[in-house]
Amino acid sequence: MQRSLISDIIANDIEGEVNIAVWIQDTRSLKNVIFLTVRDTSGMAQVTIRKGTLDNEEKIVGLNRESVIAVKGKWDRKSASKLGVDIVAEKIEILNESLAPLPLGVDDPVEADFDTRLNNRFIDIRKPEKALIFQIESTMLWGIRKFFNSQEFIEVHTPKIVAAATEGGADLFSVKYFEKEAYLNQSPQLYKEILMSCGLDRVFEVGPAFRAEQHNTTRHLNEFTSIDIEVSFADHNDAMAFLENAIKHGVDEMLSRHSDQMEKHGIHVDRVKTPFPRITYEECRKLINDAGMNLEFGDDFSPEQLKVIGNKFNGFYFIIDWPSSMRPFYTMPKPEDPALTNSFDLQFNELEITSGAQRVHNPEILEKRFLDKGLNPSEFDFYIKAFKYGMPPHAGWAIGLERLVMILCGLPNIREATLFPRDRTRIVP
Ligand code: ATP
């Protein structure tokens with residue numbers, strides 16, 4: 001179908017005949033003229049129909065909002081239309097009529113409640129400010145992918161139907177797999193580590209992760225998109241450097257493509273400065289205890305305590321050297337102090353975005369770590385085996401794409417950055 005995007009007509013100052021394909025947002029019929037306010041994925045325009053010039057103008061005036069039409073016409077550069085683009089129609093083809101009333105308005109001054117919006121996501125995302133979130137998400141991921149590509153990573157795809165829980169936890173969805181029981185994978189952790197033994201050196205994966213967490217928060221989904229990396233002959237410091245650079249490249253790409261629209265819709269994201277500050281778990285504990293709250297070694301921070309730390313930093317920072325008791329079995333203990341680990345969380349103000357670490361690569365230490373965590377190593381034979389025949393030292397991290405976009409764009413709820421959220425009560429649409 002031959003068509004121009006509204007934004008291209010403006011940007012390229014297209015002269016003469018133009019073809020656009022659009023949704024009708026509003027219709028006003030005056031004495032001599034009909035004005036249509038129309039929208040495509042790139043912006044809004046006005047279509048002017050001079051009465052008496054089109055065969056089907058009565059039918060067009062009667063169309064419900066959100067009907068889809070194709071317009072052939074001339075761009076009137078002198079038009080005073082406040083939308084900036086006014087196309088004088090020469091021919092209009094009706095591509096699809098919308099029913100009325102709409103289950104949700106596209107330009108209602110008062111926003112509908114969140115459930116109504118999510119139930120009618122197909123209309124909700126027609127709103128330019130909602131679509132922008134997913135355009136940003138895609139562009140940022142593209143920037144991150146380009147960065148990994150420039151660093152010789154390969155993109156991999158590990159199974160999502162698995163026989164063993166990644167971390168042995170209870171937060172698993174089970175699925176019937178013929179005569180066996182299987183699970184939806186919580187994370188590609190075990191498989192991406194096995195890939196280090198394959199000699200693939202630097203891998204990344206972008207794929208779904210499933211968590212059967214019962215809680216319903218504004219930061220958690222039961223299915224989210226995990227960006228994972230794993231790198232051979234690397235430690236936690238190397239992993240942190242890949243992380244801050246990946247985010248920097250993602251944000252640069254986002255700003256280079258969307259800054260005008262972001263400004264228009266009030267989304268402010270600063271350029272990322274690297275390296276990010278690093279603070280140890282012990283230093284955080286001291287800050288918290290100095291602020292009059294009590295945090296024992298090995299306890300996780302409460303949201304109030306994270307605020308105390310977040311107040312010291314503006315934007316991104318790492319919390320490093322977490323206690324062994326708080327990290328999964330695959331996390332490398334610090335050689336000089338095994339009560340701590342070579343691990344990190346990336347924070348943005350008071351919110352967690354990522355966790356990562358150097359991993360254990362010695363199979364005996366790994367088996368001991370399984371037992372320390374109350375897990376049965378024999379359930380993980382397929383994983384431990386890959387460590388017994390030449391596993392290089394390695395490190396990596398995982399970041400939730402929706403969590404990252406939510407935090408960067410200052411969205412109030414992770415569901416705003418998820419097309420069709422899966423949460424404790426929602427699996428439709
Ligand atoms: P949290 O403490 O926030 O529940 P976690 O410690 O379970 O996260 P990891 O298992 O380390 O997180 O997962 C790595 C990253 O994946 C997190 O930092 C976050 O960005 C994202 N993530 C984890 N769980 C969820 C979830 N339920 N919904 C959305 N994103 C998530």
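The values are calculated or read from the model by the stated rules, or taken from the named source; none is laboratory data. Here the structure is a predicted model, which is why all the values come from computation and not from measurement. Note: ideal-geometry Cβ built from the backbone for every residue, glycine included; neighbour counts use all protein chains shown. The area values use the complete protein model at the heavy-atom level, side chains included, leaving out ligands, DNA and RNA. Shrake-Rupley method; radii C 1.70, N 1.55, O 1.52, S 1.80 Å.
Listed values, structure above:
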item: Label-to-label distance, nm, for residues given as PHE313 and SER29 (7 Å Cα→Cβ offset); result: 6.1 nm
item: Directionally averaged shadow of the chain, computed from the convex hull of its alpha-carbon atoms, nm²; result: 25.7 nm²
item: Under-5 Å amide H pairs with ARG278, H placed in peptide plane, nonlocal only; result: PHE318
item: For region 194-206, Karplus couplings with θ = phi - 60° (6.51, -1.76, 1.60), whole Hz, Gly/Pro x; result: 4, 5, 5, 6, 5, x, 7, 6, 9, 10, 9, 9, 10
item: Relative contact order [Cα under 8 Å, 6+ residues apart], the chain, whole percent; result: 13 percent
item: Amide H contacts under 5 Å for LEU95, placed H, 5+ residues apart; result: VAL68, ILE69, ALA70
item: Selection of chymotrypsin sites (Phe, Trp or Tyr not before Pro), region 300-409, meeting DSSP coil and at most 14 other Cβ within 10 Å; result: TYR389
item: Once exposed loop GluC sites (Glu not before Pro) are cut out (DSSP; at most 10 other Cβ, 10 Å), longest piece of the chain; result: 16-151
item: Two-site FRET efficiency, ASP113 against LYS388, from Cβ-Cβ distance with R₀ of 51 Å, rounded to 0.05; result: 0.40
item: Neighbour cut-off at most 14 other Cβ (10 Å), DSSP loop, trypsin sites (Lys or Arg not before Pro), region 255-363; result: ARG271, LYS273, LYS312
item: Carbon plus sulfur fraction of accessible area for region 69-207, probe 1.4 Å, in percent; result: 53 percent
item: Net +/- balance of residues flanking VAL206 in space, Cβ distance below 9 Å, scoring K and R +1, D and E -1; result: -2
item: Per-residue SASA entry for LYS146, accessible area with 1.4 Å probe, Å² rounded to 10; result: 90 Å²
item: Within region 380-429, trypsin sites (Lys or Arg not before Pro) in DSSP loop having at most 14 other beta-carbon neighbours inside 10 Å; result: LYS388, ARG424
item: Inter-label distance for LEU5 and ARG219, nm, one decimal - labels placed 7 Å from Cα along Cα-to-Cβ; result: 3.5 nm
item: Per-residue HN-Hα couplings for region 307-316 [Karplus 6.51, -1.76, 1.60; θ = phi - 60°; Hz; x = Gly/Pro]; result: 5, 4, 6, x, 5, 7, 10, 10, x, 7
item: Average accessible surface area per residue within region 299-366, 1.4 Å rolling probe, Å²; result: 39 Å²
item: Between region 23-43 and region 246-291, the Cα center-to-center distance that results, in Å; result: 40 Å
